[in-house]
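What follows is one structure encoded as structure tokens, with my remarks underneath.
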Amino acid sequence: MKIPGVFSTSFQPAGEPVGTAVVVPGRGYPPQAPLLFFAGVVLLQHGWRVEHHWWDPPKAQSDEQTSAWVRDQIDGALPATGRTLIVAKSLGTMAAPLAAERGLPAVWLTPLLEITAVAEAMAANPAPQLLVGGTADDLWDSALAAELRGRGCEVLEIQGGDHLLMASGDAVRGVQMHLEVVRGLDTWLGALPLVD
């Protein structure tokens, strides 16, 4: 897919890749927006091939229709073989049922926890998962995130972070929040077992 102004959607690590990380955007948050850009850099440092997925989501539909659309998009973007990791933001976290079915490790940035099927899939996925959300995000549920932590997910909760993991009116704090996410992802990837 050719994206105007985007020169690459696939990135290779320095050595032999440990697997492929598919970076999935949000509704209006492309794969080269700050959180996903920095996630890609961290993934490369840990030896992952990084594949940016681009899309143009349909207008508002039911959760079931949107979930089916996301599933079709991501199912077609996943590699046929090899280790696979999903890194998704917001709307992209509706791929959680697909990740659970395939037992794929995942990083869920500002996940849509209010959608029951998303939260249930995260709870059911046997693979390692990292959930990242902010306490000022109306779509984040701290209690549910804590419950998911008790069911095997790692959780990084950013105090005061909104849905972009920024702080309203405080750009410096927003950058600090992004740094917290990068550090958390770096630690999580460092502990991720590299076996199938």
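Throughout, read-outs are computed from the coordinates displayed, never taken from laboratory work. Model, not experiment: these values are computed from the prediction. Using ideal geometry, Cβ is built from the backbone for each residue, glycine included, and neighbour counts are taken over all protein chains shown.
Computed quantities for the displayed model
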read-out: Estimated vicinal HN-Hα couplings, Hz - the range 36-50 in sequence order (Karplus 6.51, -1.76, 1.60; Gly, Pro = x); value: 6, 4, 5, 4, x, 5, 5, 4, 4, 4, 8, x, 8, 6, 10
read-out: Dipole of the range 10-191, positive end: most advanced residue of 172, 65, 128 [Cβ charges, Cα centre]; value: 128
read-out: Rounded to whole Å, sorted largest first: equivalent-ellipsoid semi-axes of the range 82-131, Cα gyration tensor; value: 15, 12, 8
read-out: Dipole magnitude of the range 10-191, debye to nearest 20 (Cβ charges: Lys/Arg +1, Asp/Glu -1, about Cα centre); value: 420
read-out: Sum of side-chain charges, residue 93 neighbourhood, beta-carbon under 14 Å (Lys, Arg +1; Asp, Glu -1); value: -2
read-out: Efficiency of FRET between residue 173 and residue 65 - r from beta-carbon atoms, R0 41 angstrom, step 0.05; value: 0.65
read-out: For the range 37-196, alpha-carbon Rg over 2.2 N^0.38 Å; value: 0.99
read-out: Dipole magnitude (debye, nearest 20) for the range 115-196, charges at Cβ of Lys, Arg, Asp, Glu; value: 160
read-out: 5 angstrom amide H check on residue 155, placed H, neighbours 5+ away; value: 131
read-out: Fraction of beta bridges assigned by DSSP in the chain that are antiparallel (%, nearest 5); value: 10
read-out: Within the chain, helix-based [θ] at 222 nm, where runs of 4 or more DSSP H residues each add -39,500 (n - 2.57), nearest 500; value: -11500 deg cm²/dmol
read-out: Magnitude of the charge dipole, the range 39-83, Cβ model with Lys/Arg +1 and Asp/Glu -1, debye to 20; value: 220
read-out: Relative contact order, percent, the range 1-158 [alpha-carbon distance under 8 Å, six or more residues apart]; value: 19
